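Structure, as structure tokens:
The values are calculated or read from the model by the stated rules, or taken from the named source; none is laboratory data. Here the structure is a predicted model, which is why all the values come from computation and not from measurement. Note that each Cβ is placed from the backbone with ideal geometry, even for glycine, and that neighbours are counted across all protein chains shown. We work out accessible area using only protein heavy atoms, side chains counted, and drop any ligands, DNA or RNA first. Shrake-Rupley method; radii C 1.70, N 1.55, O 1.52, S 1.80 Å.
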Amino acid sequence: MDGVKLTKRTVDALAPTGVEFFAWDTDLPGFGVRVRGSGAKSYVVKYRAGTGRSAPTRRLTIGTVGKLTPEEARRLAKAKLAAVAMGADPAGERAKQRAEPTVATLADLYLEEGCETKKPSTILNDRSRIERHIKPLLGNKRVGAITTADVERAIRDVAAGRTAADVKTKKQGRSIVTGGKGAANQVAALLSAIFTFAVARKMRPDNPAGGVKKYRTVKGERFLTSEELERLGAAIREAETDGIAWEPDPEKKTKHAPKEANRRTNIGPHVAAALRLLVLTGARLREILHLRWEHVDLERGL
């Protein structure tokens, strides 16, 4: 439509016609109001991104009518047009930012293409940390907008337990996320790996998680006493013979609970052997569970 001076009265008087149209300000060229077919109104700026007639025309939305007054929108429009005069392209920059992936998208890509050398169990743990900690805290942010301060804030939140949750995973499954300083350190290391991957893919020039200080944690180590070893041995023998007695959970309502004589849990010989090997060798759990006969030297007892 023909130009009008955009004031509160003239903007309020712009009635919807069923199709989108623009009303351009007579005092500030390039400043206008877009009226959609639905009647929604917003302040816009129109400019050429470059010099000459061949330069593309851009439109940039400044804000919604009602949230901004015409005077506030005019001041913002002047600032944007001044930046354009200095060679900026605010609409192009905004479109580039919107096209930039989020941290959530980056993390998913990292799991798909950046973990070739990791063990399946490590990838499973990484996926859990991404879903339970990283995505809730940073997932919606753009990759290029993340700062070291953002990473440090997220690590503090994990350490403080702000991402703690008790999530139902399956029909009777639960995933309990506690957070804490140990979890925060693991999330910090994972974020550093994810952003190293982003740098390699030229998704950003630096790693905002690199050099982030981790919490000092004290690893607890305690050995079983002779009395505790005797009790453990007795429990294993009972479990593989008579079975370990158990009681129903009083918080869960069960129509037909097993009789007391049937409330015993037995373990097989392989489980009992694995428990004894763990106690006697000090090996890790997976080292025992994945043990094969070719790993055993019967002659030397190794």
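Within the shell defined by Cβ-Cβ distances under 11 Å, the residues around GLY66 carry a net charge of +2, with Lys and Arg each +1 and Asp and Glu each -1. Just to confirm a number: summing +1 for Lys and Arg and -1 for Asp and Glu over residues other than ARG264 whose beta-carbon lies under 15 angstrom from that of ARG264, what do you get? Summing Lys and Arg as +1 and Asp and Glu as -1 gives -2. Pairs spanning more than 29 Å between alpha-carbon atoms, out of LYS80/LYS135; LYS96/LYS119; LYS67/LYS96; LYS119/LYS214; LYS5/LYS96; LYS96/LYS118: LYS80/LYS135; LYS96/LYS119; LYS5/LYS96; LYS96/LYS118.
Computed with every protein chain present, the accessible area of TRP246 is close to 90 Å² [probe 1.4 Å]. Quick check: net charge around ARG204, other residues with Cβ under 14 Å of its Cβ, Lys/Arg +1 and Asp/Glu -1? Value of the local net charge: +2. When +1 charges are put on Lys and Arg Cβ atoms and -1 charges on Asp and Glu Cβ atoms, the dipole computed for the chain relative to its Cα centre reaches about 1360 debye.
Please work out the FRET efficiency for the pair LEU291 and TYR215, using the Cβ-Cβ distance as r and a Förster radius of 30 Å; give the result to the nearest 0.05. My answer for the efficiency is 0.30. Beta bridges assigned by DSSP with both partners in region 1-44 are antiparallel in approximately 90 percent of cases. At full extension, SER54 and LEU224 could sit 53.1 nm farther apart than now, given 0.36 nm per residue minus the alpha carbon distance. Does anyone have the angle between helix 269-281 and the longest principal axis of the chain? Alpha-carbon axes, 0 to 90°, nearest 10? Taking Cα atoms only, the helix is inclined about 80 degrees. By a 1.4 Å probe calculation restricted to protein chains, THR147 has an accessible surface near 60 Å², given to the nearest 10. Each Cα pair under 8 Å and six or more residues apart adds its separation to the average, and for region 110-245 the resulting relative contact order is 20 percent.
Take every pair of alpha-carbon atoms less than 8 Å apart whose residues are at least six positions apart; their mean separation over the length of region 194-302 yields a relative contact order of 16 percent.
Of (i) 0.94; (ii) 1.10; (iii) 1.22, which is the value of Rg/Rh (Cα atoms, Kirkwood Rh) derived from the coordinates here? For Rg/Rh (Cα atoms, Kirkwood Rh), the calculated option is (iii).
Structural descriptor for the chain: relative contact order 8 percent, calculated from alpha carbon pairs under 8 angstrom and at least 6 residues apart. Ranking of PHE195, PHE223 by solvent-accessible surface, largest first: PHE223, PHE195 (1.4 Å probe, protein heavy atoms only, all chains present). Can you bin region 15-120 into rounded, prolate or oblate? Criterion: square roots of the alpha carbon gyration tensor eigenvalues sorted a ≥ b ≥ c, rounded for a/c under 1.5, prolate for a/b above b/c, oblate for the rest. Verdict is prolate for region 15-120. Placing dummy labels 7 Å off each Cα toward the beta-carbon, the span from ARG263 to GLU112 is 5.0 nm. A Förster radius of 25 Å, combined with the Cβ-Cβ distance separating THR196 from THR148, puts the computed FRET efficiency at roughly 0.95.
Between the Cα long axis of helix 120-129 and the first principal axis of the chain there is an angle of about 50°, rounded to the nearest 10.
Rounding to the nearest 10 and keeping the result within 0 to 90°, find how far the Cα-based axis of helix 226-240 lies from the longest principal axis of the chain. With both axes taken from Cα atoms, the answer is about 90 degrees. Each of TRP293, ALA239, PHE195 was scored by the projection of its Cα onto the charge dipole of region 185-302, and the greatest displacement toward the positive side belongs to PHE195; charges sit on the C-beta of Lys, Arg, Asp and Glu. Full extension of the segment from ALA88 to LYS141, taken as 0.36 nm per residue of separation minus the current Cα-Cα distance, would add 16.7 nm.
Quick check: with the 1.4 Å probe, what order do MET86, MET203 take by accessible area, largest first? Walk me through the numbers on the way to the answer.
Values: MET86 170, MET203 50 Å².
Greatest to least solvent exposure: MET86, MET203.
Ellipticity at 222 nm from helices only: DSSP H runs of n ≥ 4 in the chain, each -39500 (n - 2.57), divided by the residue count, give -12000 deg cm²/dmol.
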